[in-house]
Amino acid sequence: MKYKLLGRTGVQVSQLCFGTMSFGGDADEATSSEMFNAVRDAGINFFDTADQYNKGKSEEILGKLMRGSREDLVIATKTFNPTGTELNAKGNSRRHLTRALEASLKRLQTDRVEILYLHMHDPLVPVDEAMRALEDAVRAGKVLYPALSNWAAWQVQQALGVQEAHLWARIQAIQPMYNLVKRQAEVEILPMAAANGVSVFPYSPAAAGLLSGKYSGKSGQGRLVANKMYTARYGEEWAHEVADKFVAFCKQRGMHPVSAAVAWVGAHPAVTAPIIGARSVQQLQASLDSTKIEMSAALWNEMAALSRTPPPATDRLEEQKKG
């Protein structure tokens, strides 16, 4: 396992981050414990969760599992999504963030988290108000590094501008969706992050299992079939065609498609660490094996050619073709 710097913090995190969305859901406590131990044995020191994952159970289980090793770990969680039925129990208001963070810390059994993401952009809350809420949490010592998830590049840049103008703690990490099928992040998000020294921790590197090959011909059982959100996200015919080509490519090269998919995301120069997840130790292994793949620039480009390259931000395709 290799380690990389988290933004400009000097903190080192493993080249893979383990996402605990399955804890308390698809994975019971015993299975969660097995996976936690497996990733720790592999050298992972970075864990990602959120207050909404399985209604807080993910944080609760992670909190139990990290007893005795808390000081060895980098922990990230998120706020934004509803934590109750009350009108204001959601969003990026200072009111919600402070209450949600306190609840997360209690479930995690810790006095602080290294990273707190605002899980989504909130159109009801001006960016300066949201950044002040994060700054308050930093000054209280409950959050070390502010972060943003699912924000557009211009929104992140706006947030950084506000923080720099007020000399507040700056955004150190972002969490976009990024995989061989969903490549929009390449257009502005990844270049923006690299220019600002912000770490990128992409989620869904295997496209919710689409790139594993188990949905070949739109068959199979899993999230892409059972969950309407994933069906909508990856349901287009071209996405399945890309997945089929990718799986065939990996078979020819003797690579597990999940290992290759994770390695491909992790090899982008702007990416610090892909977030991997699983429902069992057996399913987890392929993602862990991604560290064994030597992802050369040539191999990366061969895989990229299997999918659609998004147009440049200016949409001047003729110049891109020239280059």
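The values are calculated or read from the model by the stated rules, or taken from the named source; none is laboratory data. Just so you know, these numbers come straight off a predicted model, no measurement behind them. A quick note on method: Cβ atoms are made from the backbone with ideal geometry, for glycine too, and the neighbour counts reach across all protein chains shown.
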Those residues of the range 11-33 which are assigned to a loop (DSSP other than H, G, I, E, B), over 18 Å from P274 (Cβ atoms) and touching a helix residue (DSSP H, G or I) at 6+ places or on another chain (Cβ under 7 Å), in sequence order: G24, G25
Any hit, the range 96-107, residues being basic (K, R), under 27 Å from I293 (Cβ atoms) and in contact (Cβ under 8 Å) with a residue 40 or more places away in the chain: no
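Name every residue in the range 1-19 that is of a type in the set (G, A, S) and surrounded by 14 or more Cβ atoms within 10 Å (Cβ to Cβ), in order of residue number.
G7, S14, G19
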Qualifying helices (runs of 4 or more DSSP H) (wholly inside the range 232-323; at least 1 residues being in contact with a Ser or Thr (Cβ under 6 Å, 6 or more places away or on another chain)): 237-253, 257-266, 281-288
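Taking the residues in the range 142-183 that are of a type in the set (K, R) and touching a strand residue (DSSP E or B) at 6+ places or on another chain (Cβ under 9 Å) as candidates, determine which candidate is surrounded by the most Cβ atoms within 10 Å (Cβ to Cβ).
From the range 142-183, those of a type in the set (K, R) are 142, 170, 182-183; that's our starting set.
Now drop any that are not touching a strand residue (DSSP E or B) at 6+ places or on another chain (Cβ under 9 Å), which leaves 142, 170.
Working: K142: 18, R170: 21.
Within the range 142-183, the match that is surrounded by the most Cβ atoms within 10 Å (Cβ to Cβ) is R170.
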Flag for E59 being touching an Asp or Glu at 6+ places or on another chain (Cβ under 7 Å), modelled with pLDDT of 95 or more and either more than 29 Å from A193 (Cα to Cα) or among the acidic types (D, E) (or both): yes
Of the criteria (1) touching a Lys or Arg at 6+ places or on another chain (Cβ under 8 Å); (2) surrounded by fewer than 17 Cβ atoms within 10 Å (Cβ to Cβ); (3) within 25 Å of F47 (Cβ to Cβ); (4) without any contact (Cβ under 8 Å) to a residue 60 or more places away in the chain, which one R139 fails: (1)
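Would you mind finding the one in A42, A50 that is surrounded by fewer than 18 Cβ atoms within 10 Å (Cβ to Cβ), of a type in the set (G, A, S) and within 21 Å of A273 (Cα to Cα)?
A42
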K228, sole failed condition from (1) out of contact with any strand residue (DSSP E or B) (no Cβ under 8 Å at 6 or more places or on another chain); (2) at pLDDT 95 or above: (2)
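Matching residues to (1) within 23 Å of the chain's Cα centre (by Cα); (2) surrounded by fewer than 17 Cβ atoms within 10 Å (Cβ to Cβ); (3) at pLDDT 95 or above:
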position: S219; (1), (2), (3): no, yes, no
position: A232; (1), (2), (3): yes, yes, no
position: E241; (1), (2), (3): no, yes, yes
position: Q285; (1), (2), (3): yes, yes, yes
position: D289; (1), (2), (3): yes, no, yes
position: E294; (1), (2), (3): yes, yes, yes
position: M303; (1), (2), (3): yes, no, yes
position: R316; (1), (2), (3): no, yes, no
position: K321; (1), (2), (3): no, yes, no
Of residues in the range 184-204 being more than 14 Å from L5 (Cα to Cα) and aliphatic (A, V, I, L, M), the one surrounded by the fewest Cβ atoms within 10 Å (Cβ to Cβ): A195
Subset of the range 84-109 that is closer than 25 Å to V198 by Cα and of a type in the set (S, T, Y) - its residue that is surrounded by the most Cβ atoms within 10 Å (Cβ to Cβ): S104
